[in-house]
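Read through the structure below, which is laid out as structure tokens, and then see the notes.
The values are calculated or read from the model by the stated rules, or taken from the named source; none is laboratory data. Treat the numbers as computed from the prediction; the structure is a model and nothing was measured. Cβ placement follows ideal geometry from the backbone for every residue including glycine, while neighbour counts extend to all protein chains displayed. The area values use the complete protein model at the heavy-atom level, side chains included, leaving out ligands, DNA and RNA. Shrake-Rupley method; radii C 1.70, N 1.55, O 1.52, S 1.80 Å.
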Amino acid sequence: MKIKPSLTPSDNAYIGQVLMELAKCISEGLSKFSGWLLIGYAAILGALLANLDSATKFLAPGTLSRLALLFSVVVLLNLLQRYSAAVVSSSAEVGKKVKEQPIPQNMDIVLFLTELEYATLWPARLMVRRSNRKILAGDLAAGGRLLSTFAQIEAWLVFAQVLVSIAATLVLAYGLRG
């Protein structure tokens with residue numbers, strides 16, 4: 001069992017802000033890398049398809065269809081990563097804008113968090129509900145940790161893209177006729 005050090009509310013909130021910014025920066029870097037990876041793959045596949053007559057002379061039957069299938073997997077992984085990146089960047093931006101606003105006097109935090117939860121559709125509502133419970137328990141870094149988790153999921157999605165792209169390179173290499 002982990003023992004968590006006792007933090008002041010302001011320290012806890014600061015940790016959450018740092019985690020949000022970290023997640024945003026990681027997400028932006030991963031999006032760029034993922035995009036370049038997808039563009040490179042698309043360019044190679046496009047060149048092969050544009051020169052289909054000459055390419056089929058050098059490629060074993062079925063190689064292009066396997067490459068196209070792997071490209072579809074890379075596109076799907078890229079879309080999932082981009083979706084996660086949109087969640088991370090928009091959430092971090094909202095966090096930054098909210099921090100700049102003065103907190104209304106006599107605000108009922110329970111009512112505020114309940115309204116946030118009701119404004120969120122399922123399945124995201126489950127995550128909001130869980131975060132709200134943590135916030136009400138005094139864990140002001142919960143939102144930052146959630147975004148950090150999303151950024152790490154993005155990293156795994158990009159890693160999977162890399163693996164599929166390597167597999168595609170091997171398919172192309174083995175598909176070349178000697």
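Which one of ASN132, ASN12, ALA43 is farthest out on the positive end of the charge dipole of the chain, using unit charges on Cβ (Lys, Arg +1; Asp, Glu -1) and the Cα centre as origin?
ALA43
Plugging the Kirkwood radius over Cα pairs into Stokes-Einstein for the chain, at a temperature of 20 °C and a viscosity of 1.002 mPa s, what D comes out in µm²/s?
The diffusion coefficient I find is 112 µm²/s.
Limiting things to C-alpha atoms, what are the Rg and the maximum Cα-Cα separation (Dmax) for the range 55-141, in angstroms?
22.3, 76
Placing +1 at every Lys and Arg Cβ and -1 at every Asp and Glu Cβ, with all other atoms neutral, what dipole size does the chain have around its Cα centre, in debye to the nearest 20?
Dipole size: approximately 400 debye.
On a 1.4 Å probe surface of the protein chains, which of LYS99, LYS24 comes out largest in accessible area, and what is the full order?
LYS99, LYS24
Would you kindly derive the ³J(HN,Hα) couplings of the range 18-29 from the backbone phi angles with the Karplus curve 6.51 cos²θ - 1.76 cosθ + 1.60 (θ = phi - 60°), listing them in order in whole Hz, with x for Gly and Pro?
4, 4, 5, 5, 4, 4, 5, 5, 4, 4, 4, x
Using only the Cα atoms of the range 14-92, build the gyration tensor, take square roots of its eigenvalues as a ≥ b ≥ c, and label the shape rounded, prolate or oblate: rounded if a/c is under 1.5, else prolate if a/b is larger than b/c, else oblate.
It comes out prolate by the Cα gyration axes.
Hey, if we sort GLU93, GLU28 by accessible area with the 1.4 Å probe, largest down, what's the order?
Result of the area sort, largest leading: GLU28, GLU93.
Please list the non-local residues whose amide H lies under 5 Å from the amide H of LEU59, H modeled 1.01 Å from N, same-chain partners needing a gap of 5 or more.
ARG177
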